[in-house]
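This report refers to the structure that appears directly beneath it.
The values are calculated or read from the model by the stated rules, or taken from the named source; none is laboratory data. This is a predicted model, so every value here is computed, not measured. Positions of Cβ are backbone-derived with ideal geometry, glycine not excepted, and every protein chain shown enters the neighbour counts. SASA here: full protein model, heavy atoms, side chains in, ligands and nucleic acids out. Shrake-Rupley method; radii C 1.70, N 1.55, O 1.52, S 1.80 Å.
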Amino acid sequence: MGVEAKLPPVLVTRLEKVVGWARKNSIWPATFGLACCALEMMAASASTYDIARFGAEVFRPSPRQSDLMIVAGTVTKKMAGMVERIYRQMPEPKWVIAYGACACSGGIFNTYNTVQGVDQFLPVDVYVPGCPPRPEQLLAAIIKLQDKIANEKFSDRPDTEGRLIA
Ligand code: SF4
């Protein structure tokens with residue numbers, strides 16, 4: 001059990017708020033893109049859109065240093081296992097944004113070899129429609145995710161048994 005298990009409930013609530021505030025302002029996305037949507041994701045980190053304003057500019061080259069997976073592009077069935085493996089390599093707590101029509105629902109590729117939405121094998125937190133979505137939409141998704149993170153309770157993550165750090 002984590003340290004929060006030894007605290008009275010009122011202190012746990014305050015600790016959750018502090019931890020949520022810290023987590024929402026230091027989201028580190030994993031660096032990877034699958035198709036055309038990835039170019040818009042890259043544009044979001046350029047100076048025009050400046051994702052750094054939301055504390056999410058530190059794209060990490062290793063999943064072990066990341067807590068946000070932005071699935072940007074078409075996911076083929078051949079690639080799905082690799083995407084899932086990267087997700088599993090990320091430490092808890094972690095979040096997923098399905099960025100673009102392909103990641104949300106397969107998009108225009110209603111074919112035998114394309115995954116019809118990454119929520120078939122990943123727990124998606126925010127969906128961003130569009131083909132491709134604009135960088136502003138990624139910023140809006142991050143703001144939405146920040147709201148979610150700020151209001152998360154330790155007990156919302158049963159896979160970590162409510163621990164503060166997995
Ligand atoms: S949603 Fe459109 S732009 Fe994005 S990966 Fe699919 S086809 Fe490309």
Restricting the search to the range 114-158, which residues are within 16 Å of residue 69 (Cα to Cα) and among the β-branched types (Val, Ile, Thr)?
-> 118, 124, 126, 128, 142, 143, 149
Can you list the helices (runs of 4 or more DSSP H) found entirely within the range 7-103 that contain at least 2 residues being within 16 Å of the ligand (Cβ to nearest atom) and within 15 Å of the chain's Cα centre (by Cα)?
-> 37-44
Of all residues making up the range 104-142, the number that are more than 10 Å from the ligand (Cβ to nearest atom), in a helix (DSSP H, G or I), within 16 Å of residue 75 (Cβ to Cβ) and open to solvent by 30 Å² or more (accessible area, probe 1.4 Å) | 2
